[in-house]
Amino acid sequence: MATKKGLILTAIILGLVTAASFLIWLLPQYENSGTLISDYRSEIDSIKERHEVIINETNDEWKNMLAGSLSPDDFITRAQTSSSQVDSLLSEIIESRAPQEWHESYLNYGQALKKYNDYLTETIVIANKVKDNVSINDLQDELQKLDSVKKESESYAIKANEAKP
C-alpha cells in the first residue's frame with residue numbers, strides 16, 4: 001500500500017509536469033517564418049496586380065449575375081473565393097514588415113484590400129436578395145452603397161500608389 005508521503009510526492013510531480021506542459025503550450029512561439037523582402041516596390045506591385053485580377057473577375061461575374069447568365073449561388077461562391085484571395089493578399093501586406101519609407105504605401109493598400117473585402121461582402125448580400133427574388137430595381141440604395149465602398153477601396157489604392165517612395 002502506498003504511503004501518504006509517496007502519494008503527495010507523486011501528485012506534486014504530476015502537477016509540475018502538467019503545469020510545465022501547459023506553460024510550453026501557452027507561450028507564444030516567435031518563429032520568423034516569413035519571407036525576406038528586399039524589393040518592396042515589386043512586392044506591392046505584385047499584390048496590386050493580383051488584386052486587379054480579382055477585381056476584373058469579380059466585375060465580370062457581377063455583370064453576368066445581374067444579366068441573369070450566372071446564378072446568385074454561383075456568384076456567391078465565387079465572391080467568397082475572391083474574399084479569401086483578398087485575405088491572403090492582406091496577410092502578405094501585414095507580414096511584409098515594410099520599412100518606414102514604405103509604411104504609408106503598404107498601410108493604404110491594406111486599407112484598399114479591406115474595403116474591397118467590404119465590397120465583396122455587400123455583393124454577397126445583394127446576391128442573396130436577388131436569390132430571394134428581390135428585383136434589382138428595388139435594391140438601388142444597396143447598389144449606391146456598393147458603389148461607394150468600391151470607390152473608397154479605389155481611393156485607398158490611389159493613396160498607396162502616391163505614397164510610394
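Exactly one residue out of 119, 156 is over 28 Å from residue 69 (Cα atoms) and touching a residue at least 24 places away in the same chain (Cβ under 8 Å), and it is 156. Determine whether the range 123-139 contains at least one residue that is within 27 Å of residue 45 (Cβ to Cβ) and not basic (Lys, Arg). Yes, the range 123-139 contains at least one residue that is within 27 Å of residue 45 (Cβ to Cβ) and not basic (Lys, Arg).
Within the group 50, 78, 97, which residue is surrounded by 13 or more Cβ atoms within 10 Å (Cβ to Cβ), among the charged types (D, E, K, R) and not in a helix (DSSP H, G or I)? When all the criteria are applied, what remains is 97.
When residue 101 is tested against (1) closer than 22 Å to residue 59 by Cα; (2) of a type outside the set (Lys, Arg); (3) in contact (Cβ under 8 Å) with a residue 24 or more places away in the chain, just one condition goes unmet, and that condition is (1). In the set (1) loosely packed, with under 14 Cβ neighbours inside 10 Å; (2) within 22 Å of the chain's Cα centre (by Cα), residue 157 fails one condition alone, (1).
Computed from the coordinates by the stated procedures, all read-outs in this text should not be read as laboratory data. Keep in mind the model is a prediction, meaning the values are calculated, not measured. Heads up, the Cβs are rebuilt from the backbone with ideal geometry, glycines too, and the neighbour counts pull from every protein chain shown.
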